[in-house]
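No lab work stands behind these numbers, since they all come straight from the coordinates. Since the model is a prediction, treat every value here as computed from it, not as a measurement.
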Amino acid sequence: MALRPTQRQLHEKRLRATVGGPDKPRMRYLYAALIGMVGGLASGLFGVGGGIIMVPGMTFLLKADMKIAVGTSLAVIIPTAITGVFKHHQLRQVDWTLAATLAPTAILGGLIGPWLTTKLGSPDLQRLFGGFLVLVGLRLLFLPK
């Protein structure tokens with residue numbers, strides 16, 4: 001009886017078959033550095049970066065599985081967010097009362113979201129993510145404040 005490969009094993013197999021894979025580590029590090037820089041810049045400038053920049057960057061350039069890209073992006077966004085919050089606080093651009101009000105339900109959503117990924121395949125998750133980005137983009141373009 002053959003065991004099914006895990007998401008990580010599938011991800012590692014895809015990496016071996018890509019331009020950014022282990023056989024070309026310099027290219028992989030270059031792509032990762034580029035994704036990190038653009039994601040960090042977007043995070044500090046717009047308050048986004050993990051999902052909007054890093055996830056597509058990892059899926060397209062590094063050929064990461066969507067679920068792996070989401071989890072990795074969340075791990076990377078922790079130090080990015082801390083740095084950005086510190087700087088925005090220095091600039092007096094943080095509403096701490098609003099942040100405290102948003103945090104409990106954001107934490108709850110942060111627990112529910114990963115559970116939902118166990119119910120969706122990576123292609124479905126990728127389509128949902130793309131649709132979300134389109135809707136947000138349209139809203140920002142055509143319904144400004």
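Miscellaneous remarks
- q = 0.13, 0.18 Å⁻¹: log10 I(q)/I(0) that the Debye formula gives for the stretch 7-142, counting C-alpha atoms only: -0.65, -1.16
- Over the residues of the chain, the helix contribution to mean residue ellipticity at 222 nm works out to -24500 deg cm²/dmol, using -39500 (n - 2.57) for each DSSP H run of at least 4.
- Working from the Cα coordinates of the stretch 71-123, the gyration tensor eigenvalues give, after taking √(5λ), semi-axes of 27, 15, 7 Å in decreasing order.
- Helices assigned as whole DSSP H runs in the chain whose Cα atoms extend at least 15 Å along their own long axis and whose mean Kyte-Doolittle hydropathy is 0.5 or higher are found at 25-46, 66-90, 96-117, 122-142.
- GNM flexibility winner over the chain from V70, V48, V134 (Cα, springs under 10 Å): V134
- For the stretch 27-99, projected area of the alpha-carbon convex hull averaged over all directions, nm²: 4.9
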